[in-house]
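Worksheet: one structure, shown below.
The values are calculated or read from the model by the stated rules, or taken from the named source; none is laboratory data. All values derive from a computational prediction rather than experimental measurement. Note that we place each Cβ from the backbone using ideal geometry, even for glycine, and neighbour counts take in every protein chain shown. To get the accessible areas, we keep the full protein, side chains included, count just its heavy atoms, and leave off ligands, DNA and RNA. Shrake-Rupley method; radii C 1.70, N 1.55, O 1.52, S 1.80 Å.
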Amino acid sequence: MTSGTISAQITDYANRADPYPLYAELRKTPVRREDDGTYLVSTYYEVRSLANDPRLSNDTRNRPSGYARTAEAEDTGLPPSFIFTDPPVHDRLRDTINRPFGPPHSPRFLDDLRGDLSKVVTELLDSFEGKDQVDIVEDFAYPLPVTAICKVLGVPREDEPRFHGWADALASSLDPQAGEEGQAKGQQARQDLGAYLSDLIEAKRRHPGPGILSALAPDMTPEDLEATAVLLLVAGHETTVNAITNTTLTLLRHPDILERFQKEPELAVPLIEEVLRYEPPVQFVPWTTALADIDVAGTTIPKGSPVWLMLAAANRDPKRFKDPDRFDPDRNDNEHLGFYTGIHYCFGAPLARIELHLAVPELFRRVKFSRLLEDPPPYRANAVLRGPRHLPVAIDGVTA
């Protein structure tokens, strides 16, 4: 990647707070070849088509030597997790993992979590009492999803300080600009987190308890379950933290819509879906590879080429969404790509939506916001999992 390429500008931290002008420029060439041979696909229909094309592989082991891969592709002692595999392996693993997680085998599993998660939301907001400012990330958006994924998996919540650093390193390694050092840290984190979860899984094999790790133990090899547990523990909270924070920031930047939302709580569903379009927690998917020559939008992507699917750019494609740079919770036909599409559609989307619908309305019902203390706020370094690292806000109290 050279400094003059648009991919370098997208991953440059200087553009993290507002990458959308770059995406608009990118859409002028729907399929763009970068200097290093990577193809960036940025328009809605082309992204959706390729995401559903079996000729595009998610397995980064298919990448030619010399191109950025992921910690999943390296020798960490674990097989790739299911999002970094292709059919039929992907389908077998995902079908197995879904059995204790959702319909048709476990239709009430997620819904039964609502009561516990609602209590967590209440406790977190109660802790705002007596404060005149809070950090939405540290004080709210992070602890809720971590608690949720721990409950889903059956991981002790008190172990969060142990896996926090590993999760950060693994998430950071997904960024194309992580470099060799970032990749090495990601590989080590995957090994360390895997070892921690291996011990936990073995304990659950002997003494089953709540959570899907116990439920999956009889049906998966130890290696596949360990790789799955690593993925779900990291992905299960990283993206939802961004989604909650991005929603909060977007509403505070649109006081007219916020005022309406506080009077019309039923607006929550379309409002949250619009945030997922407008400020998606995953900006792009940079790990796919063409398994054959693929013709798209008048361009041939050659076999073996790395491909980036630019979800956030596609979500603001004017050929698909009217006035796409406007935040509009009344938008009709909002089939966004905020949770991706196709066989790799976000496995945790149902859980994320439950968390968002519990957290966001209650946050804005109870907290009397005064102002943003930093706008733009400091963002995380990660260009793929884009979201504020902190979101400091001034508040005027909390209601019951």
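Things worth noting here:
- Members of the range 268-299 found to be charged (D, E, K, R) and open to solvent by less than 60 Å² (accessible area, probe 1.4 Å), listed by number: E273, E274, R277, E279
- Single residue of the range 340-365 satisfying the filter (surrounded by fewer than 18 Cβ atoms within 10 Å (Cβ to Cβ) and more than 17 Å from the chain's Cα centre (by Cα)) that is farthest from F82 (Cα to Cα): R365
- Within the range 107-141, considering residues that are open to solvent by 30 Å² or more (accessible area, probe 1.4 Å) and in a loop (DSSP other than H, G, I, E, B), the one modelled with the lowest pLDDT: P107
- Residue list for the range 171-195, filter: closer than 21 Å to V146 by Cα and open to solvent by 20 Å² or more (accessible area, probe 1.4 Å): S172, L174, Q191, D192, A195
- Residue under evaluation Y45, criteria (1) aromatic (F, W, Y); (2) modelled with pLDDT under 90; (3) in a helix (DSSP H, G or I), criterion not met: (2)
- Scanning the range 75-94 for residues that are more than 20 Å from the chain's Cα centre (by Cα), at pLDDT below 95 and not β-branched (V, I, T) yields D75, G77, L78, P79.
- Residue list for the range 119-138, restricted to those being farther than 17 Å from L356 by Cβ and either touching a residue at least 12 places away in the same chain (Cβ under 8 Å) or touching a Leu at 6+ places or on another chain (Cβ under 9 Å) (or both): D126, S127, F128, E129, K131, D132, Q133, V134, D135, E138
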